[in-house]
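First up is the structure itself, then whatever we jot down about it.
The values are calculated or read from the model by the stated rules, or taken from the named source; none is laboratory data. Just so we're clear, the structure is a prediction, and the values are computed from it rather than from any experiment. Glycine also receives a Cβ, built like all others from the backbone with ideal geometry; neighbour counts cover every protein chain displayed. These accessible areas exclude ligands, DNA and RNA; they are computed on the full protein's heavy atoms, side chains included. Shrake-Rupley method; radii C 1.70, N 1.55, O 1.52, S 1.80 Å.
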Amino acid sequence: MNTTTMNGTLYARMVRNGAVNLHKNREIVNDLNVFPIPDGDTGDNMFMTMNSGAAAVKNVEDLTLEEMSSKVSGGMLLGARGNSGVILSRIFAGIAKGFRGSKEADVRDVAAAFECGVTESYGAVSVPVEGTILTVYRDAVRYAGSRIREDSTLEEYFEDFMTELRASLDRTPELLEVLKEAGVVDSGGAGLVYIAEGMKIALEGADLESEGGESAKAAPAVDISSFTKDSVLEFGYCTEFLLRLQSSKTNVDAFDENELKAYLGSIGESVVAVKEDSIVKVHVHTMHPGEVLDHCQKYGEFLTMKIENMMLQHNAKIAQSSVEIKPRKPHKPYAIVTVASGEGIKETFASLGADVVIDGGQSMNPSAESFIEAFESLNADTILVFPNNSNIILTAKQAASLYEGSDVRVIGNKTIGEGYAAISMLDTSSGDTDAILAEIDEIIASVITGTVSKASRDTEKDGVAVRSGDYIGFVGDTIYVDSPSATEAALTLAKDLHAEEYDVMLLICGKDPDPADAESLFAELKQTYKRTEIIMIDGGQPVFDYLMILE
């Protein structure tokens, strides 16, 4: 084939194929794990992010390239999980920006849009790290763009793009010492290779969905029986649409979305109104969607529209969501959202005062949409978010940037221990958010979280020879001990961390250790560190056999 232009239909097929191909190879990506514990989830995170974009254009036809790429981007922004997923969503957000105003695109237009993806993805992280998905994507875009000729086809462009993707991926260990030490290439970059491979297959005319691959799934049907003739509408309607401003109705260049936000806020909540050229994207929860539509049609005409009874959404989420969403709560100045896995840990955070505990953590990163659902269930001026995992921080920040109902502040805490200490000592009585955040940072800096987990492969790190099946004790990325016994690994880790110098040790037991072994460890720690108050919690968390929080 000699394809010279890309339209919306082709772009949607390429996105869906990219998701399918990544799904087929996600375990390969998961296994490219730098740290030797069974927590590899990059492939899963990237697939769920990509699949959210693919689902947004499932069975959608006859849209322009601008409209189709915008739908894909919107789906991925909400479905983004983990750092790799957020960066991937920003790549496609940049591509969508590059396609603004385009019904279709030639090779040079596609290359320019992909270059916008470079700018957008690098801007998504405060300190870009070379040797990651960022580098792999940038190198491929620049290389393929440099080889475009007057008669270049899209097939030739993607062939060059794929060639440099693979070459740049192979170079990632030269840029990141941790990759070289672990003997792996960057997992995010590898996921991108599989996505691009699937997109190229679609460009060449093959549809992976017809070959038995798992395709993007549409959202499950809503059970309309949950809203009967006797039901009372409590939550209103989730109203979303794209409005094309019309020169015959308004001054498009001078249109002020802030005035529209003020109006929407007077008859609803959870307001989002973003103007991009002549298109305004609107989201609002309101009891009167007709009034919203009548008002907005004064300025233009609708491109897309979705109005859903939030009582149906609410009932479906109770049954399906990993976030336990309750009816909107009474107003309060500050609310807390945190992330944890394991019933014991989640109950502990709830007892400390967390308003919403999102189910997630290592190997189970929640989506941006899960955070937004949590924010919407609250009624607070300021929401403090404790991700408790370095791979969740970027997702939480993306959700915060998309939500306008409250002032959302994402704490940069990377462990359960830091979150536990900060929330347990949180004092919001001053009402000074910046001072509260400064106090939280001080608390986090004073906490150490030691972890014991089973090793998934042989390696050598930090001078410790790790054997697959053994248990390692570590803090952050530093391994202190390897032992055939989880109990011995925990005891040695406590010794290496000088547990006797701390006032409190919180021992959180995971779902895998035998309860008798956990009790034995608890007793020995109490005997050894008599001046330290030691508290044991049955956390029930996966992956980590023991968490040892020292304060």
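Beta-bridge orientation, the chain: approximately 70 percent antiparallel, per DSSP, counting only bridges with both partners inside. Averaging the sequence gap over all C-alpha pairs within less than 8 Å and six or more residues apart, then dividing by the number of residues, gives the chain a relative contact order of 12 percent.
Using the 1.4 Å probe convention, the accessible area of the chain works out to 42 Å² per residue with neighbouring protein chains retained.
Other residues within the sphere of radius under 10 Å centred on the Cβ of E343, judged by their own Cβ, net out at -1 (K and R +1, D and E -1). On a 0 to 90° scale, report how tilted helix 486-496 is relative to the longest principal axis of the chain, with both axes built from alpha carbons and the result rounded to the nearest 10. Long axis of 486-496 versus the principal axis of the chain: about 80 degrees. Think of each Lys and Arg Cβ as +1 and each Asp and Glu Cβ as -1; about the Cα centre, that makes the dipole of the stretch 463-512 roughly 180 debye. The charge dipole of the chain, taken about the Cα centre with unit charges on the Cβ atoms of Lys, Arg (+1) and Asp, Glu (-1), comes to about 980 debye, rounded to the nearest 20. In terms of packing, defined here as the mean over residues of other Cβ atoms within 10 angstrom, the peptides 458-466, 152-160 line up highest first as 152-160, 458-466. In the stretch 371-479, the C-alpha radius of gyration followed by the widest Cα-Cα span (Dmax) gives 17.4, 51 angstrom. Given R0 = 41 Å, the distance between the Cβ atoms of Q297 and T382 translates into a calculated FRET efficiency of 0.70. Here the ratio of the Cα radius of gyration of the stretch 479-551 to 2.2 N^0.38 Å is 1.00. When the solvent-accessible area of the stretch 125-191 is split by element, carbon and sulfur atoms take up 50 percent of it, the probe being 1.4 Å. Sorting the segments 428-436, 235-243, 131-139, 346-354 by their residues' average number of neighbouring beta-carbon atoms within 10 angstrom, most packed first, yields 131-139, 235-243, 346-354, 428-436. Mind grabbing the base-10 log of I(q)/I(0) for the stretch 70-219 at q = 0.09, 0.20, 0.21 Å⁻¹? Debye formula, identical points on the C-alpha positions, no solvent, two decimal places. Taken in order of the listed q values, log10 I(q)/I(0) reads -0.29, -1.39, -1.48. Above 21 Å, the calculated P(r) of the stretch 69-151 contains 29 percent of its Cα-Cα pairs. Report note on the peptides 58-67, 300-309: ranked by the mean count of other C-beta atoms within 10 Å, highest first, their order is 58-67, 300-309.
Can you work out the FRET efficiency for the pair E460 and R108, with r the C-beta to C-beta distance and R0 = 51 Å, to the nearest 0.05?
It comes out at approximately 0.55.
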